[in-house]
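A short write-up of the structure that comes next.
No value in this document is a laboratory result; all are computed from the given coordinates. In this text, all values refer to a predicted model and were calculated from it rather than measured experimentally. Cβ atoms come from the backbone with ideal geometry, glycine included; neighbour counts cover every protein chain shown.
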Amino acid sequence: MSTHKPVRRVTVTEIGARKGGEKIVTLTSYDARMAAIVERHADIVLVGDSLSMVSHGMETTLPVTLDQMILHGAAVVRGTSRAMVVVDMPFGSYEEGPEAAFRSAARVMKETGCGAVKLEGGVHMAPIIAFLTRRGIPVMAHIGLTPQSSHVFGGFRTQGRDRSTWDMHRADAAAVAEAGAFAVVLEGMVEPLAAQISRELPIPTIGIGASAECDGQVLVLEDMLGLSPRVPRFVKRYADLGAVVEDAVRRYAEEVKDGKFPTTDQVYPVDPAG
Ligand code: KIV
């Protein structure tokens, strides 16, 4: 008899069924311990390429490698049992064409055990999304502000401020849905455009700096916990863990300097007679 509890994770079908219904809770996590806490309340745990900055101290998302994404993705899958784990495809691992994208995405799926991958881009990435989904790889799309293209766009600007660009963003959204993406992240998009796209699309939209009309929200965990040095203005802070950690480390340092180490004889008293 197997002693393993069967693992029942959130599926892409269940996420799709939430369109226009109960909002989809999504948060990033990059390691097993945090992911285990996050999945108690989140439907989707995203192993975002933001780990490039948060965990590896890089300036942007561009340097993170496929191997690094796989390392973190596998840790998050091990730490969770219920949420759907989505792993970001890093810059350079999928844009070249469908075959290259498939090879990278297949590695991510096989080596992490995640439920889906996420990639950035709209109309021009639709053929790649279609190629992956028809070969068994669920794809979450990501449009609007796409950080992997920040060098082309000249920085991180909220998209859709100029109304003449709205049709382009709506076309991106329609193309990724048509290509088979099961959900789409709308990042850094003016509210009425994100709301309109959310009403128009048949698949769930997950906003980050977008609209409350999106079908769910994603935030970078460290941003909402007060662990990031700089956060976008739309991020609500739910805790100030940076201060909590610093205070604990300060008290620890004081005690160590004072020679106040917990010693083993407090835990395992030695019987002087024995
Ligand atoms: O990398 C990431 O964390 C993301 C979210 C911000 C959507 O892509």
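Key figures for this structure:
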read-out	value
Ranked list, fewest to most other Cβ atoms within 10 Å of each Cβ, for GLU120, GLU178	GLU178, GLU120
Angle in degrees between helix 166-179 and the longest Cα principal axis of the chain, rounded to the nearest 10	80
Neighbour-count order for SER228, SER149, SER93, fewest beta carbons within 10 angstrom listed first	SER149, SER228, SER93
For the chain, share of DSSP beta bridges that run antiparallel, in % to the nearest 5	0
Simple Cβ-charge dipole of the chain, Lys/Arg +1 and Asp/Glu -1, about Cα centre, in debye nearest 20	600
Alpha-carbon centroids, the stretch 18-77 and the stretch 184-218: separation in whole Å	19
Simple spin-label estimate for SER81 and GLU14 in nanometres, 7 Å along Cα-Cβ	1.4
Within the chain, helix-based [θ] at 222 nm, where runs of 4 or more DSSP H residues each add -39,500 (n - 2.57), nearest 500	-11000 deg cm²/dmol
Most mobile listed residue (ASP247, ASP258, ASP49) in the chain, GNM with C-alpha springs under 10 Å	ASP258
Computed over the chain: relative contact order in percent, which uses C-alpha pairs under 8 Å that are six or more apart	16
Shape call, the chain: gyration tensor on alpha carbons, a/c limit 1.5	prolate
Relative contact order of the stretch 36-129, pairs being alpha-carbon contacts under 8 Å that are 6 or more residues apart, as %	28
Choice from LEU241, LEU186, LEU119 showing the highest fluctuation, given a GNM over the chain with Cα pairs closer than 10 Å	LEU241
Coil-residue trypsin sites (Lys or Arg not before Pro) of the stretch 217-274, DSSP, other Cβ within 10 Å capped at 15	ARG230, ARG233, LYS236, ARG237, LYS260
Linear extension gain, ARG103 paired with TYR238, 0.36 nm per residue minus alpha-carbon span	44.7 nm
Degrees separating the helix 98-112 axis from the principal Cα axis of the chain, which is the longest one	30
Two-site label geometry, GLU191 and HIS151: point separation in nm, points 7 Å out along Cα→Cβ	3.6
